[in-house]
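Asker: Input: one structure, supplied below.
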Amino acid sequence: MNKISYLLISLLMISISSFSLAQKKTMEPETLWEFGRVGGTQISPDGTTLLFSVTHYDVAANNATRQLYTMPVAGGEPQNITTEHSAGSGAVWRPDGKKIGYISSERGTAQLWEMDPDGTNPQQISTIEGGIGSFAYSPDLNNILYIKDVKMEEAAIDKHPDLPLANVAIYEDLMYRHWDTWHDYTFSHIFVAPYNETGIEQGTDIMKDQPYDSPLAPFGGLSHISWTPDGKAIAYTSKKLRGKDKAVSTNSDIYLYTLETGETKNLTAFNQGYDMSPVFSPEGKYMAWESMQTAGFEADKTRIMIMNMADGSYRDYSEGFDQSSEGLTWSKDAKMIYFISGHHATYQIYQLNITDGSISPVTGGRHNYNSVALAGDDLVGTRMSMSSPVEIFRVNKTNGEQVQLTHINKPILDEIEMGKVEERWIETTDEKQMLVWVIYPPHFDANKKYPALLYCGGGPQSAVSQFFSYRWNFQMMAANDYIVIAPNRRGLPTFGQEWNDQISQDYGGQNIE
């Protein structure tokens, strides 16, 4: 082959490469509906296998389909274990690892089902009247708890049965509405029933006749509730207040219910702010939980509290750590706690050394970790960024090495040209430094002028971090030839509590300046 032929082939390859690059799409609203949304990550009891869900949306049909997958923590191809009976929700491993439990409405009401780890042999386990919301096996597999709404107040139709079509709500006390939801006269209660894989019937309401919720409304879930490792007691989060006190207070507490005696004890009566999400050390000696100190303040620093269950003594292990902490996970030897914390508009995995009280980051980078779990000698977490939806990563506890395990959205991402995301530190009017994200159009030309979008989000007191949003997607904004400017102004977390608090009683002040 002569030199001219080589030259022609080279030019052709360059042309094909350039054409391929030019053909890449930019983010559109429709693209967001194409992504598979990864969730529900669970680790098998032996620490070797992932269980997770992927939800896909069909715009034309106006519905969603959830599928379940398993894959080795060591890496490999995900295996779809979904059957027509198992496309439910809340899938978890049974403590012995021999079954996967999940909620399905296949036969009418939402009930507990189980299947083999490969998705075969699905069986309905519970027959609870009215169905259940969520569930958790006891570690010894002798019992199961489930969440169910209990009606304890009269609705309009109860008070006026002669007016069945009246579209009214009648309330005589607070709180009758939270965020965008009216109170429905029911309360979320915890029930306990003996576990039997051949059938579970109505259990015992451990909050009987109590007009309180557990988990807490409107955002609480099973993370607010925990079995003790011996399976003999349940720690749960509840705010046992009524009327105005309930409306203005953040004073939730952690209660311990003992199955044998039926007795309930308030473990955190000493604190007047939020107490929630208890997690027991593997041997049951300690309970860690998330706590806010200031009464009535929903955006206080979330502390790591640890209680000695033998004598009730406790300690704030995050004292001096000017960041909030959540998603607490014990190590097997109970010497470490792994958790999520925000720093400079990213969320990373951190570790607390119980022995010396030191706190240090495990991961770093321009991304957000949403969760962390123990998987053998490694950690597993879900991670996202402004340029990538959630995927699952394995993290080395010692050196922080991060390995992507799932690539659910790789085919879509490979076809999209993302804009550059830049971190800038800007001097404020009071001579402090503020982190500002700048997101450029995918085909940015430095010689051109572009209109800008100023994104003043944040809640307040919610960081403009490396989130991948299906509501406020920066890449979609930039794809329309805008430069997006997203400042982490005053009143946003991950820059210390003082920075976060400076919006309080000054909403039009320095955060606007």
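The values are calculated or read from the model by the stated rules, or taken from the named source; none is laboratory data. These numbers were taken from a predicted model, which means no experiment stands behind them. All Cβ positions, even for glycine, are placed from backbone atoms using ideal geometry, and neighbour counts span all protein chains on display. Heavy atoms of the whole protein, side chains included, go into the accessibility calculation; ligands, DNA and RNA do not. Shrake-Rupley method; radii C 1.70, N 1.55, O 1.52, S 1.80 Å.
Asker: Taking R0 as 35 Å, what FRET efficiency do you get between Lys332 and Lys448 from their Cβ-Cβ distance, rounded to the nearest 0.05?
Answerer: After rounding to 0.05, the efficiency reads 0.05.
Asker: Here's something else I'd like to know. Net charge near Leu256: determine it from the other residues with C-beta under 15 Å of the C-beta of Leu256, scoring Lys and Arg +1 and Asp and Glu -1. Could you put the intermediate results ahead of the total?
Answerer: Details: positive: Lys232, Lys240, Lys265, Lys285; negative: Asp230, Asp253, Glu260, Glu263, Asp275, Asp311.
Local charge sum for Leu256: -2.
Asker: I would also like to ask the following. Percent relative contact order of the range 116-203, based on C-alpha pairs within less than 8 angstrom and at least six residues apart? Intermediate results must be reported in sequence, preceding the final value.
Answerer: Details: 108 pairs, mean separation 33.9, N = 88.
Dividing the mean separation by the residue count of the range 116-203 yields 38 percent.
Asker: Using only Cα atoms, figure out Rg for the range 44-176 and give it as a multiple of 2.2 N^0.38 Å.
Answerer: Against the compact-globule rule of thumb, the ratio is 1.39.
Asker: Considering amide H positions built from the backbone, and no H for Pro or chain starts, which residues 5 or more places from Gln502, or on another chain, come under 5 Å of its amide H?
Answerer: Correct list: Gly491.
Asker: For the chain, with all protein chains present and a 1.4 Å probe, just round the carbon and sulfur fraction of the accessible area to a whole percent.
Answerer: 50
Asker: Using the heavy atoms of the protein chains and a 1.4 angstrom probe, tell me the accessible area per residue for the chain in square angstrom. Kindly include the intermediate steps, with their values, before the conclusion.
Answerer: Details: 25910 Å² over 513 residues.
For the chain, the per-residue accessible area is 51 Å².
Asker: What order do you get for 156-169, 285-298, 449-462 when each peptide is scored by the mean count of other beta carbon atoms within 10 Å, highest first?
Answerer: In decreasing order of mean packing, 156-169, 285-298, 449-462 become 285-298, 449-462, 156-169.
Asker: Leaving out same-chain residues fewer than 8 places away, which lysines sit with a Cα under 20 Å from that of Lys240?
Answerer: Lys148, Lys151, Lys208, Lys265
Asker: If you project the alpha carbons of the range 37-103 onto their three principal axes, what span does each projection cover, largest first, in Å?
Answerer: Result, largest extent first: 41, 25, 16 Å.
Asker: Excluding residues fewer than 8 places away in the same chain, name every one of the lysines whose C-alpha is closer than 19 Å to that of Lys25.
Answerer: Within the straight-line limit of under 19 Å, Lys25 reaches these lysines: Lys410, Lys420.
Asker: Taking the Cα centre as origin and putting +1 on Lys and Arg beta-carbons and -1 on Asp and Glu beta-carbons, what dipole magnitude results for the chain, to the nearest 20 debye? Don't skip to the answer; put the middle values down first.
Answerer: Numbers: 40 positive and 63 negative charges, 228 e Å.
It comes to approximately 1100 debye.
Asker: So, in Å, what gap is there between the alpha-carbon centers of the range 145-196 and the range 218-297?
Answerer: That distance is 23 Å.
Asker: Give a residue-ordered list of calculated ³J(HN,Hα) values for the range 311-327 (Karplus: 6.51 cos²θ - 1.76 cosθ + 1.60, θ = phi - 60°; whole Hz; x for Gly, Pro).
Answerer: Once θ is set to phi - 60°, the couplings for the range 311-327 become 10, x, 5, 8, 8, 8, 7, 9, 4, x, 9, 7, 9, 7, 9, 7, x Hz.
Asker: At 222 nm, what helix-only mean residue ellipticity would the chain give, in deg cm²/dmol to the nearest 500, using -39500 (n - 2.57) for each DSSP H run of four or more?
Answerer: On the way: 7 runs with 50 residues, N = 513.
Mean residue ellipticity at 222 nm (helix-derived): -2500 deg cm²/dmol.
Asker: If you don't mind, there's one more thing I want to ask. How large is Rg/Rh for the range 272-358, to two decimals, with Cα atoms and a Kirkwood Rh?
Answerer: 0.95
Asker: Under a Cβ-Cβ cut-off of 11 Å, what is the net charge of the residues other than Gln202 that fall near it, where Lys and Arg count +1 and Asp and Glu count -1? Don't jump to the answer; show the numbers that get you there.
Answerer: Values: positive: Lys148; negative: Glu129, Glu201, Asp205.
Taking every Cβ under 11 Å from that of Gln202, the sum is -2.
Asker: Net charge near Pro460: determine it from the other residues with C-beta under 10 Å of the C-beta of Pro460, scoring Lys and Arg +1 and Asp and Glu -1.
Answerer: With Lys, Arg at +1 and Asp, Glu at -1, the net is +2.
Asker: Now for a different question. For the chain, which semi-axes, largest first and in whole Å, follow from the square roots of 5 times the eigenvalues of its Cα gyration tensor?
Answerer: 41, 30, 26
Asker: At q = 0.10, 0.11, 0.22 Å⁻¹, what log₁₀ I(q)/I(0) does the range 173-285 have when each alpha carbon counts as one equal point scatterer in the Debye sum?
Answerer: -0.32, -0.39, -1.34
Asker: Counting DSSP beta bridges in the chain, what percent are antiparallel, to the nearest 5?
Answerer: 95
Asker: Given just the C-alpha atoms of the range 306-351, how large is their convex hull per residue in cubic angstrom?
Answerer: 80
Asker: For the range 116-217, what are the per-bin percents of Cα-Cα distances with bins 10 Å wide, up to the bin holding the maximum?
Answerer: 13, 35, 28, 17, 7, 0
Asker: Please state the Cα pair-distance histogram of the range 408-513 with 10 angstrom bins from zero: what percent is in each bin?
Answerer: Over the range 408-513, the share of Cα pairs per 10 Å bin runs 14, 41, 29, 13, 2 percent.
Asker: In degrees, nearest 10, range 0 to 90: what is the angle between the Cα axis of helix 3-22 and the longest Cα principal axis of the chain?
Answerer: Relative to the chain, helix 3-22 is tipped by roughly 40 degrees.
Asker: Still on this model: May I ask for the percentage of alpha-carbon pairs in the range 376-470 that lie more than 24 Å from each other?
Answerer: 43
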